[in-house]
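S.K.: There's a structure below that I have some questions on.
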Amino acid sequence: MSKFLPCALQLALLIGSTTALHAQAPAPTPPPISARDRAAIHAMPLPSALKRGDGWVTVGPSFTVARTACRDARVGRAADRLVRALATPAPRARTRAAAATLRISCGASSGTTPRPVEDESYTLAVSPDQATLSAPTTIGALRGLETFLQLVERSDSGTRVPVVTIDDRPRFPWRGLMMDVSRHWMPKAVVLRNLDAMAAVKLNVLHLHLSDDQGFRVESKLYPRLQQVASDGHYFTQRDIREIVAYAADRGIRVVPEFDMPGHTTSFLVAYPELGSAPGPFTLARRAGIHEETLDPTRESTYRFLDRFYGEMASLFPDEYVHIGGDEVSAKTQWNTNAQIQQFMREHNLKDNHALQGYFNQRLVQLLATHGRKVVGWDEVLREDLDRTVVIQSWRGQDYLFQAAQQGFDAILSAGYYLDHKLPASDHYRIDPLRLANAVTITPDPTRWKSWDLTMHAGQTEILSRLTMYGPPEQLRGVMELAGTFVSIDTASLHGDTLGFQMATQYGKATMTGVVRGDSLTGKMGIVGMGLPFAGKRSGGNDMPGTRPPAVKRIPPLTAEQAKHVLGGEAAMWAEVVSAETVDSRIWPRAAAIAEKLWSPAVLTDDVTDMYRRLDIVSGLLTTRGVTHETGYPVALRALQPRGDLAPLRTLVDVLEEVKYYQRLSTELGKDLQPSLVSLADAARPESRPARLFSSLVDGYLADPKRQKNASELRAQLAVWRDNHARLTPLLANANQAGDLRALSEQLSNAAAAGLAALDALDRQQKLSAEDAARYQSVLTAASASRAAVTNTAIPAIRKLVDKAQ
């Protein structure tokens, strides 16, 4: 949940979950939108079905909205917002259009609070003189109004909407965004503007992570010390919460609160230490990671406290679900050293801490049921004896989602949708809740195999694993098992006594190098910028009589009935290294790609190029909703360079991205979390649009045998980057992080010069000299290294040019 690898040390989640052992192939379905019609619109998410007609309807100053048998005030307010958005004039309206009307009809509302399953369908028909929106429910009408606004195009001739017929409904009922307001405080204004953005892309669940080791963020009148001593003065009043809930409901969005327990509870224990498994005293955590503080699940006084607490919170949050967290209970939990807790476990036949947590979770399920609430928990709560009303949120890997559904639990996916990993939108877009990602098949070879039981060290934590390799040295394949999860190793090498391989994980590539001496294997695993040493001994092999290859856990595909248990998913925005000033830029626009994956038919969400075409347009729409992912960028640049022209600095930072996964935190171990984040890494985007576009130009150029396509655009861009260093250097005298900026700028200039030289050689159909090629490769290697927690994402595309010219 906090998902900070260097402290959490959840290596099983790192390398276990995304490389599954079986894939579910989707049934082929004809696309409900033709390629021609798709290219003519820029809506996101794509509708379930759309047919483009001829012509347009003009929506000028005389445009009106009429409601027929749709009297819900929420629709009226949404229509007013639509009219205000359309009131912004086009650049130059050259023609005076006839009055046009959007007529809305919808069924009766089921209440003012959105339910977990709503009929969100609608139809929209736009003709040259009017538009008609019909929906069976209020929520459907709200979704249709958002689509209508996305269809709007502005030009010199005016504001217009294409003639179109749409029949739309969501693929999944649970489409969420999780915001962590505990690690770094996010004021009410931040939450409200993100609700507006969520509505624009049809996300319908705001999951608020309201308590953790770093702070408690809701006013409690029954237990006031929670906000008085455990919030640093930053919390939502009960009035704030009611406003947030009402604001969300007005947009058809549910609000699900999370109070994490029994781990991640330092803020509870600072306020009420008698709840703890240790005597205390406790202090709020100032650093990321897993902390040992836990609630005592064996005392009835704990449940009396939680009964009153949840009763109060239920009066603030009307949704029928409450999230209890349940993740990352420390392996060093204070349960282990508490004699009373150990005695309780013996008396109740609870064999380990996982069983004790299961007891705690079941008590919470029963307790919350008395307040009319059901439970959501992170996938660590998954147990066979857990009440089947609990919704499992899969974060350690998609296989946990499948396991939950196969055991009869409803489940939602967050693995692969972690926005704080700063991955490109395309990576999130490729994750589908009903298809296991990166699936491969390993067939154990009983005639050529060896297994080692390994102990990996991450800090002072030991992680047990088993490595099994199959086949001859020149064709090795294998499986690694950690904590019940399995990763396939498709390629490996054994040279002499050195064993090496790489694994694809949900946290990027992991590399492993070990030395085999007799029955021992020692070495180091590299992942997320860390090197984790390991050591172990042979535990089996075809040359060890009486041993058999370990069983490989396989994840079967979901049946049609099991697939019904997959409710959808949530994008997750954890806040270890984001603040109120930067959080929008880490959520948007990438979350819109996840929103489309959860709304649109699967057959429409496999075209990454078209996704980016529409994402770039939707990004501008989101800005009009008030989110600051674009407008905050110049502010962040000005914080780096207090005076002077920002254009040269922007040229540099435009191609920089913050390092991925938890590399930034892994380089800042021991540092306290800061309330504001204003460094170069915070100004840089999670995904560089200029670098992505440049890479696309390079691919097009290299695919052209005549080397003419995109050549002039590439040359112009490389020249700008080459010359930018001379423009930027004089402006850095008073800049923050001037040394980092100067070094990165020089590297970009040198890399661009290498790219221009490669272009020259390719244009002449010649090769670079061996000396020049070696020099340019050295330049690119230096430029590709991360510095100040950023990387230059234009370098891989430049390297393609240099490689081709060698």
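The values are calculated or read from the model by the stated rules, or taken from the named source; none is laboratory data. The model shown is predicted, which means the values in this text are computed figures rather than measured ones. So basically every Cβ, Gly included, is an ideal-geometry build from the backbone, and we count neighbours across all protein chains shown. With ligands, DNA and RNA removed, areas are computed over all heavy atoms of the protein, side chains included. Shrake-Rupley method; radii C 1.70, N 1.55, O 1.52, S 1.80 Å.
S.K.: Of all residues in region 352-376, which are among the aliphatic types (A, V, I, L, M) and out of contact with any strand residue (DSSP E or B) (no Cβ under 8 Å at 6 or more places or on another chain)? Step through it out loud before you land on a result.
M.R.: Just the residues of region 352-376 that are among the aliphatic types (A, V, I, L, M), to begin with: 355-356, 364-365, 367-369, 375-376.
Passing the criteria: Ala355, Leu356, Leu367, Ala369.
S.K.: Mind telling me which of the residues Leu316, Leu364, Leu284, Leu356 ends up being closer than 24 Å to Gln238 by Cβ and surrounded by 22 or more Cβ atoms within 10 Å (Cβ to Cβ)?
M.R.: Working: Leu316 fails: surrounded by 22 or more Cβ atoms within 10 Å (Cβ to Cβ); Leu284 fails: surrounded by 22 or more Cβ atoms within 10 Å (Cβ to Cβ); Leu356 fails: closer than 24 Å to Gln238 by Cβ.
Going through Leu316, Leu364, Leu284, Leu356 in turn, the sole match is Leu364.
S.K.: Return the total of residues in region 579-630 being among the aliphatic types (A, V, I, L, M) and in contact with a His (Cβ under 6 Å, 6 or more places away or on another chain). Step through it out loud before you land on a result.
M.R.: So in region 579-630, the residues among the aliphatic types (A, V, I, L, M) come out as 580, 583, 587, 591-595, 598, 602-604, 608, 611, 615, 617-618, 621-622, 627.
From the residues that got through so far, the ones that are in contact with a His (Cβ under 6 Å, 6 or more places away or on another chain) too are 593-594, 617.
Qualifying residue count for the region: 3.
S.K.: Return the residue satisfying two criteria in turn: it lies in region 368-405 and is part of a loop (DSSP other than H, G, I, E, B) and of a type in the set (D, E, K, R), and of such residues it is surrounded by the most Cβ atoms within 10 Å (Cβ to Cβ). Spell out how you get there, then give the answer.
M.R.: So the first thing to find is which residues in region 368-405 are part of a loop (DSSP other than H, G, I, E, B), and the list is 370-373, 382-390, 395-397.
So of that shortlist, the ones also of a type in the set (D, E, K, R) come out as 373, 383-385, 387-388, 396.
Working: Arg373: 22, Arg383: 15, Glu384: 7, Asp385: 9, Asp387: 15, Arg388: 9, Arg396: 26.
Residue satisfying both the conditions and the ranking: Arg396.
S.K.: How many residues, within region 495-553, are out of contact with any helix residue (DSSP H, G or I) (no Cβ under 8 Å at 6 or more places or on another chain) and not in a strand (DSSP E or B)?
M.R.: Of the residues in that region, 16 qualify.
S.K.: Got a number for residues in region 171-228 being closer than 19 Å to Glu312 by Cβ and β-branched (Val, Ile, Thr)?
M.R.: The qualifying residues number 2.
S.K.: Between a first residue in region 763-791 that is over 30 Å from Leu665 (Cβ atoms) and a second residue that is open to solvent by 50 Å² or more (accessible area, probe 1.4 Å) and not aromatic (Phe, Trp, Tyr), which pairs have beta carbons less than 7 Å apart while being 6 or more apart in sequence or on different chains?
M.R.: Matching pairs, first to second residue: Lys767/Gln806; Leu768/Gln806; Ala773/Gln806.
S.K.: Oh, and also: Out of everything in region 562-591 that is farther than 15 Å from Val181 by Cα and assigned to a loop (DSSP other than H, G, I, E, B), what residue ends up being farthest from the chain's Cα centre (by Cα)?
M.R.: Lys564
S.K.: Residues in region 616-634: is at least one open to solvent by 30 Å² or more (accessible area, probe 1.4 Å), hydrophobic (A, V, I, L, M, F, W, C) and under 23 Å from the mean Cα position of the chain (by Cα)?
M.R.: yes
S.K.: Follow-up question, since we're still on this one. Of everything in region 321-351 that's touching a strand residue (DSSP E or B) at 6+ places or on another chain (Cβ under 8 Å) and among the β-branched types (Val, Ile, Thr), which residue is surrounded by the most Cβ atoms within 10 Å (Cβ to Cβ)?
M.R.: Only one residue fits best here, namely Ile324.
S.K.: For region 41-68: of the residues being buried (at least 17 other Cβ atoms within 10 Å of the Cβ) and over 34 Å from the mean Cα position of the chain (by Cα), which is modelled with the lowest pLDDT?
M.R.: Gly60
S.K.: Being outside any strand (DSSP E or B) and open to solvent by 10 Å² or more (accessible area, probe 1.4 Å) is the filter here, so list the residues in region 122-138 that pass it.
M.R.: Of all residues in region 122-138, those outside any strand (DSSP E or B) come to 127-129, 136-138.
Within region 122-138, Ser127, Pro128, Asp129, Pro136, Thr137 meet the criteria.
S.K.: Is it the case that region 162-184 has a residue that's open to solvent by 20 Å² or more (accessible area, probe 1.4 Å) and without any contact (Cβ under 8 Å) to a residue 40 or more places away in the chain?
M.R.: no
S.K.: Just one of Arg103, Arg71, Arg94, Arg38 is open to solvent by 50 Å² or more (accessible area, probe 1.4 Å) and at pLDDT 95 or above; which is it? Steps first, answer last, please.
M.R.: Working: Arg71 fails: at pLDDT 95 or above; Arg94 fails: at pLDDT 95 or above; Arg38 fails: open to solvent by 50 Å² or more (accessible area, probe 1.4 Å).
When all the criteria are applied, what remains is Arg103.
S.K.: Condition first: touching a Pro at 6+ places or on another chain (Cβ under 8 Å), at pLDDT 95 or above, assigned to a helix (DSSP H, G or I) and not hydroxyl-bearing (Ser, Thr, Tyr). Can you find one or more residues in region 621-636 that meet it?
M.R.: At the first step, the residues of region 621-636 found to be touching a Pro at 6+ places or on another chain (Cβ under 8 Å) are 622, 629.
Still in the running and at pLDDT 95 or above: 622, 629.
Add one more test, that the residue is assigned to a helix (DSSP H, G or I), and what stays is 622.
After this cut, where a residue has to be not hydroxyl-bearing (Ser, Thr, Tyr) as well, the list is 622.
The answer is yes, given that some residue of region 621-636 is touching a Pro at 6+ places or on another chain (Cβ under 8 Å), at pLDDT 95 or above, assigned to a helix (DSSP H, G or I) and not hydroxyl-bearing (Ser, Thr, Tyr).
S.K.: Being among the small types (Gly, Ala, Ser), open to solvent by less than 10 Å² (accessible area, probe 1.4 Å) and over 29 Å from the mean Cα position of the chain (by Cα), is that true of even one residue in region 219-238?
M.R.: To start, the set of residues in region 219-238 that are among the small types (Gly, Ala, Ser) comprises 220, 230-231, 233.
Subsequent filtering for residues that are open to solvent by less than 10 Å² (accessible area, probe 1.4 Å) retains 220, 230-231.
With the extra rule that they be over 29 Å from the mean Cα position of the chain (by Cα), the set shrinks to 220.
The answer is yes, given that some residue of region 219-238 is among the small types (Gly, Ala, Ser), open to solvent by less than 10 Å² (accessible area, probe 1.4 Å) and over 29 Å from the mean Cα position of the chain (by Cα).
S.K.: Quick one: is Gln407 more than 17 Å from the chain's Cα centre (by Cα) and at pLDDT 95 or above?
M.R.: Numbers: more than 17 Å from the chain's Cα centre (by Cα): yes; at pLDDT 95 or above: yes.
Answer is yes for this residue.
S.K.: Consider Gly408 against the criteria (1) over 30 Å from Arg239 (Cα atoms); (2) open to solvent by less than 20 Å² (accessible area, probe 1.4 Å); (3) assigned to a loop (DSSP other than H, G, I, E, B); (4) not aliphatic (A, V, I, L, M): it satisfies all of them except one. Which criterion is unmet?
M.R.: Failed condition: (2).
S.K.: Additional query: So Pro556 fits all but one of (1) modelled with pLDDT under 90; (2) part of a strand (DSSP E or B); (3) more than 18 Å from Leu482 (Cβ to Cβ); what number is the exception?
M.R.: Pro556 satisfies all of (1) modelled with pLDDT under 90; (2) part of a strand (DSSP E or B); (3) more than 18 Å from Leu482 (Cβ to Cβ) except (2).
S.K.: Would you mind stating whether Ala249 is among the small types (Gly, Ala, Ser), surrounded by fewer than 21 Cβ atoms within 10 Å (Cβ to Cβ) and within 30 Å of Ala593 (Cα to Cα)? Give the steps one after another, and end with the answer.
M.R.: Numbers: among the small types (Gly, Ala, Ser): yes; surrounded by fewer than 21 Cβ atoms within 10 Å (Cβ to Cβ): yes; within 30 Å of Ala593 (Cα to Cα): yes.
Yes.
S.K.: Related question: Going residue by residue through region 593-609, is there one that turns out to be closer than 24 Å to Glu630 by Cβ, at pLDDT 95 or above, of a type outside the set (Gly, Ala, Ser) and not in a helix (DSSP H, G or I)?
M.R.: For region 593-609, residues closer than 24 Å to Glu630 by Cβ, at pLDDT 95 or above, of a type outside the set (Gly, Ala, Ser) and not in a helix (DSSP H, G or I): absent.
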